[in-house]
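Data first, discussion second: the structure below is written as structure tokens.
The values are calculated or read from the model by the stated rules, or taken from the named source; none is laboratory data. Computed from a prediction, not measured in an experiment: that's the story for all the values here. Quick reminder, even Gly has a Cβ in these numbers, built from the backbone with ideal geometry, and neighbours come from all protein chains shown. Protein only, heavy atoms only, side chains kept; ligands, DNA and RNA dropped before computing areas. Shrake-Rupley method; radii C 1.70, N 1.55, O 1.52, S 1.80 Å.
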Amino acid sequence: MNEEEKQDIIEKVTVLLKEIPSSLDVVQKGGNRDKRFRYLARHMVEKGIEKDALIVSENGKGIAILFKTSKKDNNIWKDLWAQLGLVLNVTGIKNAYQIIKTQKYIEKQRPQEGEYLYCWFWGILKDSRGADTQVGKEMKDEFYRRAKEYNLPLYAETRMRKNSLVYQKFGFELFHEWAHPSGDTMYFLRYDPPKE
């Protein structure tokens with residue numbers, strides 16, 4: 001991927017982040033909020049590239065970050081500089097405590113032992129959305145291909161009910177609902193690849 005392609009993906013992720021309730025919560029209000037969303041998008045895309053987790057649909061309008069991970073990978077010291085950069089450039093110090101508290105609860109819903117796939121981000125630009133669109137199907141198929149290849153369950157969460165229903169239509173199981181501090185309901189979903 002060249003720098004121009006990377007910048008294009010960062011711009012698209014920036015647009016998508018502005019529609020996601022969790023992003024709207026964590027990105028500090030006021031000041032140059034656009035710049036904060038762009039910083040977060042850059043951080044996410046670069047981390048996705050670094051971990052070979054970035055998935056981009058053929059037409060470039062669907063983007064996901066799907067990590068192969070485990071509880072052991074959640075080491076705050078390992079990513080301390082990146083975390084500090086996010087606090088200073090995205091969340092602000094006031095937001096950081098609530099974000100950490102919420103994140104701890106969310107992480108407890110994922111496997112505490114062994115590896116799994118985690119969908120950190122999945123967005124499709126407005127003109128390519130819908131459960132039956134080619135982009136959605138293409139991305140779902142890639143998620144399932146990876147789950148089957150690694151023989152690992154796939155976890156995701158969302159605060160958007162319609163997204164939860166799309167995940168379920170695609171074969172994910174809703175295994176937990178949580179009254180998120182924002183007042184929304186957070187939906188926790190899992191997909192288990194078929195056993196051979």
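Restricting the first residue to the range 121-145 and requiring it to be farther than 25 Å from residue 43 by Cα, which pairs with a second residue that is open to solvent by 30 Å² or more (accessible area, probe 1.4 Å) and modelled with pLDDT of 85 or more meet a Cβ separation below 6 Å and a spacing of at least six or different chains?
These pairs meet every condition: 131/166; 131/169.
Checking residue 31 against (1) open to solvent by 40 Å² or more (accessible area, probe 1.4 Å); (2) under 29 Å from residue 178 (Cα atoms): exactly one of these is not met. Which one?
For residue 31, the exception is condition (2).
Name the residue that is farthest from residue 91 (Cα to Cα), counting only residues in the range 1-57 that are outside any helix (DSSP H, G or I) and among the basic types (Lys, Arg). Reasoning before the result, please.
Our first condition is that a residue be outside any helix (DSSP H, G or I); within the range 1-57, this holds for 1-2, 18-20, 27-32, 51-57.
From the residues that got through so far, the ones that are among the basic types (Lys, Arg) too are 18, 29, 51.
On the way: 18: 14, 29: 9, 51: 23 Å.
Per the criteria, the residue is 51.
Going by the conditions given, is residue 12 in contact with a strand residue (DSSP E or B) (Cβ under 8 Å, 6 or more places away or on another chain), under 21 Å from residue 138 (Cα atoms) and either of a type in the set (Lys, Arg) or open to solvent by 80 Å² or more (accessible area, probe 1.4 Å) (or both)?
Details: in contact with a strand residue (DSSP E or B) (Cβ under 8 Å, 6 or more places away or on another chain): yes; under 21 Å from residue 138 (Cα atoms): yes; either of a type in the set (Lys, Arg) or open to solvent by 80 Å² or more (accessible area, probe 1.4 Å) (or both): yes.
Here the answer is yes, as residue 12 does meet what is asked.
Taking the condition open to solvent by 30 Å² or more (accessible area, probe 1.4 Å) and either of a type in the set (A, V, I, L, M) or at pLDDT 90 or above (or both), does residue 107 pass?
Working: open to solvent by 30 Å² or more (accessible area, probe 1.4 Å): yes; either of a type in the set (A, V, I, L, M) or at pLDDT 90 or above (or both): no.
Answer is no for this residue.
Kindly provide the set of residues from the range 101-135 that are within 15 Å of the chain's Cα centre (by Cα) and among the small types (Gly, Ala, Ser), ordered by number.
123
Among the residues of the range 138-191 satisfying the criterion of being among the hydrophobic types (A, V, I, L, M, F, W, C) and open to solvent by 70 Å² or more (accessible area, probe 1.4 Å), which is farthest from the chain's Cα centre (by Cα)?
Taking the range 138-191 first, the residues among the hydrophobic types (A, V, I, L, M, F, W, C) are 139, 143, 147, 152, 154, 156, 160, 165-166, 170, 172, 174-175, 178-179, 186, 188-189.
With the extra rule that they be open to solvent by 70 Å² or more (accessible area, probe 1.4 Å), the set shrinks to 165, 179.
Values: 165: 17, 179: 19 Å.
Step by step, filter the range 138-191, then rank; the result is 179.
Pick from the range 52-72 the residues that are over 14 Å from residue 143 (Cβ atoms) and either β-branched (Val, Ile, Thr) or modelled with pLDDT under 90 (or both): which of them is most open to solvent (accessible area, probe 1.4 Å)?
Initially, the range 52-72 is screened for residues over 14 Å from residue 143 (Cβ atoms), giving 52, 58-61, 69-72.
Those left that are additionally either β-branched (Val, Ile, Thr) or modelled with pLDDT under 90 (or both): 69-72.
On the way: 69: 18, 70: 12, 71: 104, 72: 176 Å².
Result: 72.
Given the residues 20, 99, which is the only one that is modelled with pLDDT of 85 or more and open to solvent by less than 80 Å² (accessible area, probe 1.4 Å)? Outline the logic, then answer.
Working: 99 fails: modelled with pLDDT of 85 or more.
Unique residue meeting the criteria: 20.
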